[in-house]
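Please read the structure below before turning to the comments.
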Amino acid sequence: MSSMLTRIHVQDYEAWKSRFDADPAGARSQAKAHRILRSADDPNDVFIQVQFASREDAIAAREQLLASGVLERVDVQAGPAVAEEAETVAY
């Protein structure tokens, strides 16, 4: 399992979420799942994890996202980066 990880800062979470759900870049077309987290200190600071079945799918999605220009509408804090799961521990 591979993930694309991005941290952004948005001006209006609800407006951004509506655009995210529409997936105008088509970057999540091969995604298996996604997770969105918001900072407890600033709810407009958003962390996004999109999971893919393969590293190749995640890389292709990152390239599609970058080429689309949608990230120009937000303040990108980190990413998008592709990462492979190293460990999951549940408590």
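The values are calculated or read from the model by the stated rules, or taken from the named source; none is laboratory data. Just so it is clear, the structure is predicted and the values come from calculations on it, not from any experiment. All Cβ positions, glycine included, derive from the backbone under ideal geometry; neighbour counts span all protein chains shown.
The rows are residues; the columns are (1) part of a helix (DSSP H, G or I); (2) modelled with pLDDT under 95.
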residue	(1), (2)
Pro43	no, no
Val46	no, no
Gln49	no, no
Ala58	yes, no
Glu72	yes, yes
Val76	no, yes
Gly79	no, yes
Val82	no, no
Thr88	no, yes
Task: Residue, modelled with the lowest pLDDT, within the range 1-21, restricted to residues that are charged (D, E, K, R), more than 12 Å from the chain's Cα centre (by Cα) and part of a helix (DSSP H, G or I) - done: Arg19
Task: Hits in the range 30-48 (condition: closer than 20 Å to Gln11 by Cα and either of a type in the set (Lys, Arg) or touching a strand residue (DSSP E or B) at 6+ places or on another chain (Cβ under 8 Å) (or both)) - done: Arg35, Ile36, Leu37, Arg38, Ser39, Asp42, Asn44, Asp45, Val46, Phe47, Ile48
- [ ] Identify the single condition in (1) surrounded by 14 or more Cβ atoms within 10 Å (Cβ to Cβ); (2) of a type in the set (D, E, K, R); (3) over 15 Å from Glu85 (Cβ atoms) that Asp57 does not satisfy, given that it satisfies every other one.
- [x] (3)
- [ ] Residue by residue through the range 1-38, note down the ones that are among the polar types (S, T, N, Q), closer than 14 Å to Leu71 by Cα and surrounded by 14 or more Cβ atoms within 10 Å (Cβ to Cβ).
- [x] Thr6
Open item on the list: With the requirement that a residue be of a type outside the set (A, V, I, L, M) and touching a Leu at 6+ places or on another chain (Cβ under 7 Å), what does the range 13-68 give you?
Closed with: Phe47, Gln49
